[in-house]
Structures are given as C-alpha cells and as structure tokens.
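A.B. asks: Before I ask anything, here is the structure I am working with.
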C-alpha cells in the first residue's frame, strides 16, 4: 500500500498521524577548555516531553514551530524525545553522546512513526572528530530505514554528503544572525507532510567545498554571504528546487566533515540537485576572499572611538564570543579598556565567574574589595586583571524571556549576577555562561544605553540582531581566545588538510565532485 493510501486509510478511521521530535543543538569548538557533557547541556536544555516543549510556545525557535504546526494540523500528534541544547563548548564526550544516541534509538523503537523531525545544529562534533548528526541519522536508519525524516540545520553546520541520503528532507537557516529558526522548521514540516501524503518525493545532494570560512563577516544583512544567499534563493525559484541552503560551516569544530557546502533538495531529480549544488557552491567559492577581513584589536578600536561624534558604540570581542565556544574569561579586552582610562561611561559584558558573583552577593551592594578579573579558567590568554571594585548591583536570578528577534519569547537564564564598578566601567559577572544577544540581559542587570556611551561585549554577529539600531557603530575586534579570528594557527587533528585557506592552492570545479 502506498504512503498516500495509508494516510487516507488512517484518516478515515480517525487515527492520528504520529510525529517523533528530537533536538540536538550544540556547536562544538574543539579547542575549548572543557568537553561538552550532560552538565553543560543541563545549563542550556536537557528535557523531555510535551510539557517541557510547551515552554517554547509562540517562540521564534524550532520547537515553537512544531507546537504551532500541531495546532494547525489536528490530525497529527507529537512525542517529544530528548531536547538537548547547550551553549557552544568543547566536543561532546563519547559517553554523553552514546547515551543520547542510545536513548533516542530506544525511544524510536518503542513506537511506530509516520514521520520524524530532528532539530539539529550540524557542528556537534564528538570526541575523535566525528559528526554527531551523521551518527544519529545512521542509528535511526539502522532501525527505521523507510520512515520519513525531516531535519533543520544551522547555517554553520559541517555536513557530510551522506546526510542528504539519510534524511528525507532538510532545510538550513538562511539568516545570520539566525532569526528564521521558526520559519525554517515550519518549511521542513510542510515538506515532510507533503512527502507523507505522497505529493512530492524529495531527493537531495550536498556538495562540499574545500573551504573553511570565518564567520565574522558571514552576516546575511550585508557582505558576501548576503550575495550568495540571495543568489541561492533566485536559483531555487528559477529551477523549481524544494530548497537550497548555503552552509558556511564552523571552522573551530575539528571534524572530518568540516567545511562549507551547499545542500539542495528537488522533487525526485538527483541530477538537478547535484547540478544546482555545484552552481551555488561555485558562487560561494568565487566570493571566498571577501569573507576574510582584518579585525582591529581593542586598542585600535578605542583610538577610533576617541574621535567619534555619535554614541553609544559597541566593541564586540569575537575571540571570546560564547556563541563560538568562547569562555567569557579572557582578560585582554577588559585590561585594554581599564588601562585606556576613558572618561566616558562604559559597560563590560561579561565575565563568567560564579565564585566572584557569590563573593559580591556575600559582601553586598556598596562593598569594595580587590578582585582578580578574568583568567580564572586559564592564563593562556593572559594574566588576570587585578583592580579594586565596588559592588553596585546584585541580581538574584538573571532570567527573562527574549525580547529581540533571535529566539524571541524563549527563556534565557544566567543565574545570579553581579555588577561591579571600576572607575567609569561597570562590569557584569555571571554564573551561567551564555552569549548575550538580547536586550533583556541589559535591562535586568541595570545597564542603561541612554547613559552608557561604550559597551564592550563578548559577542560576534547574533548580538547585532537586536542592537544594530541601538548603537551608532558596532566594531568587531579580535583578541586572544578560543574563537580567535585566525583559525589557521590552530592545531587541527581531524579537519581535512587540503582546505582553503590552509591550502592556498585548493581548487573547486563546479560540476566535478570534490
């Protein structure tokens, strides 16, 4: 019996279609200090079941889209398997990943499914340079070779070509900052339902490029990625593809599948999918040099700020950005700001130091003491900054629902926080390390941009989604850290060595499989 006929028979007897939902969102920086384990996931999301998923109701997230889908498709019901999401960190430990994978297989084999939806990142590297997503999909196919699988991926995914054959349909984010997570998942589900009905037969290809790209200049609001993504959308429309996604990849994941690629799905036309992947991949390759832009140091940025006529201004430390696996502990930017002795109100966001937060809470507002700021986790990026600080604000629980466009209405938590002051600089200290991308963080911690003229933030591009209209200028700077701009200095063990720019002679010939 055909899938379409089975669906019709099920509907006629009132039986609901069953959707299994699994989430694994982790972007692995293989050069981070600590591996990713269940503890790191628990600081982000480590949950199961519908009640847990409902906390994302109405949010601009993948789970938000699934819940909306269920409301508009009463003929479907969903079972929510593990929801594992963490702030970027080190490779997933083999033990943690094995438990995740085995739990998922047990969940899937416990029932019968009309379709599965997997909310994945694509750069969740496991110890040993393995792709977590690839191994999860292989494990599913080993027990359910024919169940339709839909997957969503982050724009910075490192994808193996085999994934296009393991999934039924997949779609990746088209925006950076990522503000289309809900829309992407909605598209996956729409195409998945069309597949189950028998209306389409998705066929996909992933074309890898011998290319590692920095993400500092990978925004889709401007620059080369905007040009490439716009071109891909035009080709998709003209050629009638189901979806075309350009993946910039994530260079800090030391994985056998690292690197940029183009993924194309068509309606039962593999040759077309591969041809369009080569075509759009060729466009990305032709713009590769534009992604490599020099970034100033904090000291150079401060010289530029000294002559500014409009405020406030933000300087974003790319090298210690938590969204790229940064540790929020490197001291060089804070040291430069304090030594500059700026006469303008400044905020520094943030340092990750739970013990210092506790010390501030025990001392109370108004207390003064000498503190070591930064370099708590490691001194490899410089010694700590030692200064006398004054405790000016204490927050028992820095939690809020995102107000900006990224993951809008999803809850963010940083635990207890403290704000200390050193001269004209207010420094926020947090208990839980997550990137700061939302105005809610500053509101809760009392950072007022009508009074602050300079913000130093450990961030990269996601920060811009909510703040591009707030600041007169946002200057990306590079300081020593786990996500420092020049990744060519890193000691890769698993990433293919023939990739550009490590191999300046690397070539890509559209139409010829690489």
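Just so you know, all these numbers are worked out from the coordinates, no wet-lab data involved. Predicted, not measured: the structure shown is a model, and the values here were computed from it. Backbone-built Cβ (ideal geometry, glycine too); neighbour counts: all protein chains shown.
A.B. asks: For segment 225-370, what is one quarter of the convex hull surface built on the Cα atoms, given in nm²?
C.D. replies: Quarter of the Cα hull surface area: 14.3 nm².
A.B. asks: Going 7 Å from the Cα of residue 15 along its beta-carbon direction, which residues of segment 102-130 have the amide nitrogen within less than 14 Å of the resulting point?
C.D. replies: 111-115
A.B. asks: Report the antiparallel proportion of the DSSP beta bridges in segment 111-175 as a percent, rounded to a multiple of 5.
C.D. replies: Percent antiparallel among DSSP bridges in segment 111-175 is about 20.
A.B. asks: What is the calculated FRET efficiency for residue 183 to residue 362, with r their C-beta to C-beta distance and R₀ = 35 Å, to the nearest 0.05?
C.D. replies: With a Förster radius of 35 Å, E is 0.15.
A.B. asks: Taking the simple approach of a point 7 Å from Cα along Cα-to-Cβ for both residue 227 and residue 299, what is their distance in nm?
C.D. replies: Those two pseudo-labels are separated by 3.4 nm.
A.B. asks: Measure nothing fancy, just the Cα-based angle from helix 224-239's long axis to the longest principal axis of the chain, in degrees from 0 to 90, nearest 10.
C.D. replies: Taking the Cα atoms of the chain, the angle to 224-239 is about 20 degrees.
A.B. asks: Measuring from label point to label point, each 7 Å out along Cα→Cβ, what is the residue 237 to residue 39 span in nm?
C.D. replies: Simple spin-label model gives 5.1 nm for this pair.
A.B. asks: Measure nothing but the geometry: give the 0 to 90° angle between the long axis through the Cα atoms of 354-363 and the longest principal axis through the Cα atoms of the chain, rounded to 10°.
C.D. replies: Rounded to the nearest ten degrees, it is 40.
A.B. asks: So what's the back-of-envelope 222 nm ellipticity for the chain, counting only DSSP H runs of four-plus at -39500 (n - 2.57) apiece and dividing by all residues, rounded to 500?
C.D. replies: Counting only the DSSP helices, I get -8500 deg cm²/dmol.
A.B. asks: Want the number for residue 450 to residue 388: 0.36 nm per residue separation, take away the alpha-carbon distance, what's left?
C.D. replies: Gain in length upon complete extension: 19.7 nm.
A.B. asks: Right, another one. Which of 222, 243 has the fewest other C-beta atoms within 10 Å, and how do the rest follow up to the most?
C.D. replies: 222, 243
A.B. asks: Ranking 174, 18, 491 by Cβ neighbours within 10 Å, fewest first, what do you get?
C.D. replies: Final ranking by Cβ density, sparse to dense: 491, 18, 174.
A.B. asks: A further question follows. What is segment 3-291's relative contact order, in percent, from Cα pairs under 8 angstrom and six or more apart in sequence?
C.D. replies: 19
A.B. asks: Full extension from residue 52 to residue 102: what is 0.36 nm times the residue separation minus their Cα-Cα distance, to one decimal in nm?
C.D. replies: Taking residue 52 through residue 102 to full extension adds about 15.9 nm, to one decimal.
A.B. asks: Still on this model: Nearest 10 degrees, 0 to 90: what angle lies between the long axis of helix 94-109 and the longest principal axis of the chain (Cα atoms)?
C.D. replies: 40
A.B. asks: Given segment 109-221, what percent of its DSSP beta bridges are antiparallel, to the nearest 5?
C.D. replies: Here the share of antiparallel DSSP bridges comes out near 20 percent.
A.B. asks: Continuing with this model, one more query. Between residue 493 and residue 344, what's the calculated FRET efficiency when r is the beta-carbon distance and R0 is 45 Å? Round to 0.05.
C.D. replies: Calculated transfer efficiency: 0.50.
A.B. asks: What nm value, rounded to one decimal, do you get for the distance between residue 486 and residue 421 when each label is placed 7 Å out toward the C-beta?
C.D. replies: Calculated label separation equals 4.0 nm.
A.B. asks: When all alpha-carbon pairs of segment 298-485 are counted, what percent fall beyond 21 Å?
C.D. replies: 45
A.B. asks: Where does segment 248-314 land on the Kirkwood hydrodynamic radius, alpha-carbon pairs, in angstrom?
C.D. replies: Value: 16.0 Å, from the Cα pair sum.
A.B. asks: Quick one: 72, 85, fewest Cβ neighbours within 10 Å first, how do they rank?
C.D. replies: 72, 85
A.B. asks: With a/c under 1.5 counting as rounded, go ahead and sort segment 437-514 into rounded, prolate or oblate using the C-alpha gyration tensor (a ≥ b ≥ c being the square roots of the eigenvalues; past the cut-off, prolate if a/b is larger than b/c, else oblate).
C.D. replies: prolate
A.B. asks: If the chain between residue 307 and residue 292 were fully stretched, how many nm would it gain, using 0.36 nm times the residue separation less the Cα-Cα distance?
C.D. replies: Length difference between fully extended and current span is 2.8 nm.
A.B. asks: Taking the alpha-carbon set of segment 311-379, what are its Rg and Dmax in Å?
C.D. replies: Over segment 311-379's Cα set, Rg and Dmax evaluate to 13.4, 35 Å.
A.B. asks: Using a Förster distance of 41 angstrom, determine the FRET efficiency expected from the C-beta separation of residue 109 and residue 400, and round it to 0.05.
C.D. replies: So the FRET efficiency works out to roughly 0.55.
A.B. asks: Please list log₁₀ I(q)/I(0) at q = 0.15 Å⁻¹ for segment 3-291, using the Debye equation with identical point scatterers on the alpha-carbon positions.
C.D. replies: -1.16
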